[in-house]
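Okay, structure first, notes after.
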Amino acid sequence: MADHQRIHPVDLEAGRNRPTAPLVPGGSFRSDKGDPAQRANNQQQRGHGGYGHGPLPPPPRRVAPPAPLPPPKRRGRGCCCRFLCCVVATAAVLAVLAAAAAAALYLIFKPQAPRYSVDRLAVSAFQVDPSTLTARAAFDVTVTAANPNARIGVYYERGSSLSVWYGPYPLARGALPAFYQGRRNTTVLALAMAGEVQLASAAVSGMRDAQRDGAVPLVFRADVPVRVELGSLRLWKVTARVRCDLVVDRIMDVSSPIKIKASNCKFGFKL
């Protein structure tokens, strides 16, 4: 029997040339050749630049612009509004307090307006110069002033102005003496007034016609500075204004007393 064939393992690598030297020369480092992954990345980047056909890098991210800041608050306008509100509120409070004080004073003192009347008007002289139409007149006027208040007195001070008018022409002027009128007091004043004024021819003709009819219109005016006394408190000075519309029977004839046919007086204050 033939000898059995024996199979012996053969080393396939034995026939190949084994390297006798290291792949990396001595004295060099691995970083001289570079990392394979880094070299692949560099090749891809060169390919993107036109040296290859590697994948494109992702597009850059778009960063959203920052939101605009809110406009700053206008503090100046708010401060002005608050200031105006404070002023209005203060004025309203003061007005309410003043109204309350006035109401309290009214209830305590119960003020009443003084009453005035022209009781007598006598013409002591009246002449009209025919060449110049200048009228010269002198009057004796009796005025009654009544104070009906129980807790209010009146101080009549110097600087008053009295006048008698015919239309727009002041025929005579005078003044009131300074005096004090007490509570619930009636004072009768005898006043002497005189003056001269140049009249128009139409005014002289109208005065003669009115005297012929027995109704000559005159106006008595008085501006008097006064101080009102409330209890023991004397208030500030104001101007008392009196206007009396009169109708007399004649003015150019002084042979007999003048008769006052109508009298209507009004009273007011000027601050």
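Observations on the structure shown:
- Charge dipole (region 140-271, unit charges on Cβ, about Cα centre) - positive-most of Val219, Met207, Leu271: Leu271
- Measuring nothing but how far apart in sequence close Cα pairs (under 8 Å, 6+ apart) lie, relative to its length, region 115-270 scores a relative contact order of 26 percent.
- Using a Förster distance of 41 Å, the FRET efficiency for Ile108-Ala194 (Cβ separation, nearest 0.05): 0.40
- Value of Rg/Rh across region 215-271 [Cα atoms, Kirkwood radius]: 1.21
Laboratory data are not the source of any read-out in this text; all were calculated from the coordinates shown. It should be emphasised that the depicted structure is a prediction, and the values quoted were computed from it without experimental measurement. Quick reminder, even Gly has a Cβ in these numbers, built from the backbone with ideal geometry, and neighbours come from all protein chains shown.
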